[in-house]
Amino acid sequence: QVQLVESGGDSVQAGGSLRLSCAIAGLIDTTYGMAWFRQAPGKEREGVAAISGSGTRTYIADSVKGRFTIFSDSAKKTASLQMNSLKPEDSARYYCAAVGMSPWIGPLQGAYKYWGQGTQVTVSS
């Protein structure tokens, strides 16, 4: 019943910005911890950012710290990833993940129950 839909992926030149959005659809009767992961060809999926259900705790990977920001709207059940100063190494398919009524999880992808299909981000130099 719970579905996640990502949007906002695009092709952009280095130094540009994008905002990815993740919306939860279906029966929603709890708060959700949410996170963004990414996977580039030939590489393992890695955690990028995470936010607790209350929005009071966040995680940002060192590789994107200072450039990416995660934020959520509990009323709309959405989470967004603002990506600034994009680099070619940021090119990947970005996935949104969520888990309900969970303690702080951060970037532990195995703990997330719901996953979106991903949205492609391509950064050219």
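The values are calculated or read from the model by the stated rules, or taken from the named source; none is laboratory data. Predicted, not measured: the structure shown is a model, and the values here were computed from it. Here the Cβ is made from the backbone with ideal geometry for all residues, glycine too, and neighbour counts use every protein chain on show. Side chains included, ligands, DNA and RNA excluded: accessible areas come from the protein's heavy atoms. Shrake-Rupley method; radii C 1.70, N 1.55, O 1.52, S 1.80 Å.
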Handout entry: Hull shadow area, averaged, the chain [alpha-carbon convex hull, nm²]
Key = 7.0 nm²
Completion exercise
Here FRET efficiency (C-beta to C-beta, Thr56 to Gln13, R₀ 25 Å, nearest 0.05) is 0.10
Exercise for the section: Mind putting together the pair-distance distribution for the stretch 54-118? All Cα pairs, 10 Å bins, whole percent per bin, short to long. Expected result: 16, 54, 28, 2
Handout entry: Solvent exposure of the chain as accessible area per residue, Å², 1.4 Å probe
Key = 52 Å²
Completion exercise
For the stretch 15-67 the translational diffusion coefficient, Stokes-Einstein from a Kirkwood Rh over Cα pairs at 37 °C and viscosity 0.692 mPa s, in µm²/s, is roughly 250 µm²/s
Practice task
Measure off, as a whole percent, the carbon and sulfur share of the 1.4 Å-probe accessible area of the stretch 30-89, all protein chains present.
Solution key: 46 percent
